[in-house]
Amino acid sequence: MVNTRVIRAGEALIPLEIDGMVFTHLPNIRYLCGFTGSDGVLVVIGREAIFLTDSRYVTQAKEQVQADEIREYRSKWEGVQELLAAKGVVRAGFEAEHLSYAAVEELRGKSAENQQWVPVTGAIKALRAVKDAEEIACMEAAAALNAECFAEVLPLIRPGVVEREIALALEFAFKKRGAEEKAFDIIVASGVRGALPHGIASDKCLAEGELVTIDFGCRYRGYHSDETVTLALGQVPERLLEIHAVVLEAQRRAMAAVRPGAPLRAIDQAARDTIVERGFGDYFGHGTGHGLGLEVHEFPSVSPRSEETAEAGMVITIEPGIYIPELGGVRIEDTVQVTAEGCRRLTRIPKGL
């Protein structure tokens, strides 16, 4: 069976003028050949892919990996170097963003005198950014788990309940329904803690008259969901209601700006301008979104610094927020797929207050 992902990766590497590429970043390896274990190396030489791993994963690799050859090594870098020497690879690329300096030095120490190690940045990030139908199906399933698990936990979200209890209940619900793992440490930030964009669930009790922000997701067949809701516990101050309305409008405008060819910075600006116009510009410091897939945060980013444009098949989050110290905060997040017409929501939970 032809591995089209390896072929496209090989074509993407041609301008780098390297003889072969050594992949060590596990999400990239999983994307290219299907391996789900915790240790291995994939070497791509033109249209050929060779997977290397140790004795723990050889049987698993034979069941999962789509490659031209599977090799077992006792010492990872010696095994890699033996392969490169056998294949006549002189200029070998490595993932500069993921391989440690110590590992590169070890590789160089085991190399022949004429061997060159070429740092490569973002070798296949553009390929991974555009999802195929199978990837989208996995992400839809993960998003569906979000909605099901949130519905189960919703009755628990009431004054007097500890933030950690809500996070634990969501994690347990994910596992019961077949998720591999939670996507990240679940954020539950109530009251003044809502001003913390990454307010990991604490021992604080929820209280009447507060907003509570919950940012959560899971991993299903390697792919992630990511979603944020902000809820009101009873009657909350008018100022917090205003903030929620502004963030919701900012999110809607950003989603309306998503379409193929749209600069990602323009999508960010659609949300940011809304928040600035309403006088809350100083309280929105992060980007409007990020790519999602085999990793929770992956290429591309949706921020004022983004240089890329949206492409059909990309999956990104749209998550503006306002965070006011000593008062609280609001973030609203959906995951969307860029389509030919605009975008399609993968997440399902309604975001109205």
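The values are calculated or read from the model by the stated rules, or taken from the named source; none is laboratory data. Everything numeric here is computed off the predicted structure, so don't read it as measured data. Glycine also receives a Cβ, built like all others from the backbone with ideal geometry; neighbour counts cover every protein chain displayed.
Results for (1) modelled with pLDDT of 95 or more; (2) assigned to a helix (DSSP H, G or I); (3) not hydroxyl-bearing (Ser, Thr, Tyr), shown as yes or no for each residue.
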| position | (1), (2), (3) |
| --- | --- |
| LEU13 | no, yes, yes |
| VAL22 | yes, no, yes |
| ASN28 | yes, yes, yes |
| TYR31 | yes, yes, no |
| GLY37 | yes, no, yes |
| ARG56 | yes, no, yes |
| GLN60 | yes, yes, yes |
| ALA67 | yes, no, yes |
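Taking LEU241, is it within 26 Å of GLY293 (Cβ to Cβ), assigned to a helix (DSSP H, G or I), among the hydrophobic types (A, V, I, L, M, F, W, C) and in the same structural domain as SER301 (by TED's automatic domain parsing)? If you could, list the steps in order and put the result at the bottom.
Working: within 26 Å of GLY293 (Cβ to Cβ): no; assigned to a helix (DSSP H, G or I): yes; among the hydrophobic types (A, V, I, L, M, F, W, C): yes; in the same structural domain as SER301 (by TED's automatic domain parsing): yes.
No; evaluated as a whole, the condition is false for this residue.
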Which is in a helix (DSSP H, G or I), under 21 Å from the mean Cα position of the chain (by Cα) and without any contact (Cβ under 8 Å) to a residue 60 or more places away in the chain, of ASP268, ASP273?
ASP268
Could you check how many residues of the stretch 36-62 are under 21 Å from THR4 (Cβ atoms), without any contact (Cβ under 8 Å) to a residue 40 or more places away in the chain and surrounded by 24 or more Cβ atoms within 10 Å (Cβ to Cβ)?
4
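Any residue that is within 20 Å of ARG331 (Cα to Cα), surrounded by 20 or more Cβ atoms within 10 Å (Cβ to Cβ) and in contact with a strand residue (DSSP E or B) (Cβ under 9 Å, 6 or more places away or on another chain) - is there at least one of those in the stretch 173-180?
Narrowing the stretch 173-180 to residues within 20 Å of ARG331 (Cα to Cα): none.
No, every residue in the stretch 173-180 fails to be within 20 Å of ARG331 (Cα to Cα), surrounded by 20 or more Cβ atoms within 10 Å (Cβ to Cβ) and in contact with a strand residue (DSSP E or B) (Cβ under 9 Å, 6 or more places away or on another chain).
May I ask you to say which residue of ILE29, ILE18 is aliphatic (A, V, I, L, M), buried (at least 17 other Cβ atoms within 10 Å of the Cβ) and free of Cβ contacts under 8 Å to residues at least 60 places away in the same chain?
On the way: ILE18 fails: free of Cβ contacts under 8 Å to residues at least 60 places away in the same chain.
Result: ILE29 is the single residue among ILE29, ILE18 that is aliphatic (A, V, I, L, M), buried (at least 17 other Cβ atoms within 10 Å of the Cβ) and free of Cβ contacts under 8 Å to residues at least 60 places away in the same chain.
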Checking LYS110, LYS175 in turn, the sole residue that is among the charged types (D, E, K, R) and outside the structural domain of TYR323 (by TED's automatic domain parsing) turns out to be LYS110
Total residues in the stretch 211-242, condition of a type outside the set (A, V, I, L, M, F, W, C), touching a strand residue (DSSP E or B) at 6+ places or on another chain (Cβ under 8 Å) and under 11 Å from ALA142 (Cα atoms)
6
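Looking only at residues that are touching a residue at least 24 places away in the same chain (Cβ under 8 Å) and over 24 Å from VAL6 (Cα atoms) in the stretch 107-127, which one is surrounded by the most Cβ atoms within 10 Å (Cβ to Cβ)? Steps first, answer last, please.
Of all residues in the stretch 107-127, those touching a residue at least 24 places away in the same chain (Cβ under 8 Å) come to 107, 110-112, 114-127.
Those still in the list that are over 24 Å from VAL6 (Cα atoms) too: 110-112, 114.
Working: LYS110: 16, SER111: 18, ALA112: 9, ASN114: 7.
Looking at the filtered set, the residue picked out is SER111.
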Residue set ALA142, ALA232; condition crowded, with 18+ Cβ neighbours inside 10 Å, of a type outside the set (Phe, Trp, Tyr) and in the same structural domain as ASP334 (by TED's automatic domain parsing); output residue ALA142
What is the one condition in (1) of a type in the set (A, V, I, L, M, F, W, C); (2) more than 21 Å from PRO300 (Cα to Cα); (3) not in a helix (DSSP H, G or I) that VAL247 does not satisfy?
(3)
Quick check: is even one residue across the stretch 63-82 free of Cβ contacts under 8 Å to residues at least 12 places away in the same chain, in the same structural domain as ALA112 (by TED's automatic domain parsing) and either farther than 25 Å from ALA112 by Cα or in contact with a Lys or Arg (Cβ under 6 Å, 6 or more places away or on another chain) (or both)?
yes
Which listed residue is surrounded by 14 or more Cβ atoms within 10 Å (Cβ to Cβ), farther than 30 Å from ARG345 by Cα and not assigned by TED's automatic domain parsing to the domain that holds LEU32, from VAL104, VAL90, VAL161, VAL153
VAL161
